[in-house]
Amino acid sequence: MPGSWLIDKEDETAESQQVRVDLVGFSYGRLDLQGIEQIDPHALLAWIKSAALAGQYTPQPYAQLAKVLREMGAEDAANVVDIARHDHYYKTLTRPKTFGGKTKYYLKKLWGGLRNQIDRYGVRPWHSLLWFGGIALAGAFVNAFWIFAQPESVCTMHFGLDFWLYFLDCLRYSIENMLPIPGVSGIAHEMTVTSQISAFILLVQKLIGLFLLGIFIRDVVL
């Protein structure tokens, strides 16, 4: 790998071509490698993707490779293959001609794109917590902006201890707002809920937080 299954070149100027192999239903128990540190999952995936899959969803070659890699102890490489299998599924979705079918098609594509970015289709659930932290930090900066927009706070806040105390309060409030808890408190809450725009931003942040937590719980528990 990746030079396996190549057609011999007829002359020095010709390019090597990979044999097109139908891997659907093809099973094997091991890979001829001396150690898992030599495994390059991307080279193995290139072998699968160039096989005769006929542009349709054929999960068996991916599932077979992931199974063998896990049995060899190459968990990270198996996860890469699992992610590629999900990518293969969403890329091979066919768009129906009916309105209802098109709606389901676009919803599936949207859902697949979200899962790919948030938690890599459940393969890397901790990514959703990184997104949670990033949204919480962004919310803290938004809260700090609303505080600085208050005329009475501008003259009293400087880039010293007071500033960082205010910012930590904003961050705590941002995290609390994203959690399914009954209420939040603090100077940030008192100074940011001042308009419909800020209230809408806080509502969107809370919905995103609940969505990310739901994704993480679903990945870990199920």
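Against the conditions (1) within 21 Å of PHE216 (Cβ to Cβ); (2) open to solvent by 40 Å² or more (accessible area, probe 1.4 Å); (3) free of Cβ contacts under 8 Å to residues at least 24 places away in the same chain, where does THR94 fall short? Just the number, please. If we test THR94 against (1) within 21 Å of PHE216 (Cβ to Cβ); (2) open to solvent by 40 Å² or more (accessible area, probe 1.4 Å); (3) free of Cβ contacts under 8 Å to residues at least 24 places away in the same chain, just (1) comes out false. Within the range 1-54, if we keep just the residues that are outside any loop (DSSP other than H, G, I, E, B), within 23 Å of ASP82 (Cα to Cα) and open to solvent by 100 Å² or more (accessible area, probe 1.4 Å), the residue that is modelled with the highest pLDDT turns out to be HIS42. For the range 116-166, taking the residues that are modelled with pLDDT of 75 or more and in a loop (DSSP other than H, G, I, E, B), the one that is surrounded by the fewest Cβ atoms within 10 Å (Cβ to Cβ) is identified as ARG124.
Please verify whether LEU137 is touching a residue at least 12 places away in the same chain (Cβ under 8 Å) and under 30 Å from CYS170 (Cα atoms), treating the condition exactly as stated. So LEU137 fits the description; yes. Listed by first and then second residue, the pairs with beta-carbon distance under 6 Å, at least 6 apart or on different chains, first residue in the range 112-134 and farther than 27 Å from CYS170 by Cα and touching a residue at least 12 places away in the same chain (Cβ under 8 Å), second of a type in the set (A, V, I, L, M) and open to solvent by less than 70 Å² (accessible area, probe 1.4 Å), are ARG120/ILE83; VAL123/ILE83. Is it true that some residue in the range 71-81 is of a type in the set (Val, Ile, Thr) and either over 18 Å from the mean Cα position of the chain (by Cα) or open to solvent by 70 Å² or more (accessible area, probe 1.4 Å) (or both)? The answer is no, given that none of the residues of the range 71-81 is of a type in the set (Val, Ile, Thr) and either over 18 Å from the mean Cα position of the chain (by Cα) or open to solvent by 70 Å² or more (accessible area, probe 1.4 Å) (or both). Can you pull out every residue in the range 91-107 that is of a type outside the set (S, T, N, Q) and closer than 12 Å to TYR57 by Cβ? Residues satisfying the conditions are LYS91, LEU93. Note on the range 55-70: residues that are open to solvent by 50 Å² or more (accessible area, probe 1.4 Å) and touching a residue at least 24 places away in the same chain (Cβ under 8 Å) total 4.
The values are calculated or read from the model by the stated rules, or taken from the named source; none is laboratory data. Not measured: the values here are computed from a predicted model. Note that we place each Cβ from the backbone using ideal geometry, even for glycine, and neighbour counts take in every protein chain shown. Note: accessible area is taken over every heavy atom of the protein model, side chains too, but ligands, DNA and RNA are not part of it. Shrake-Rupley method; radii C 1.70, N 1.55, O 1.52, S 1.80 Å.
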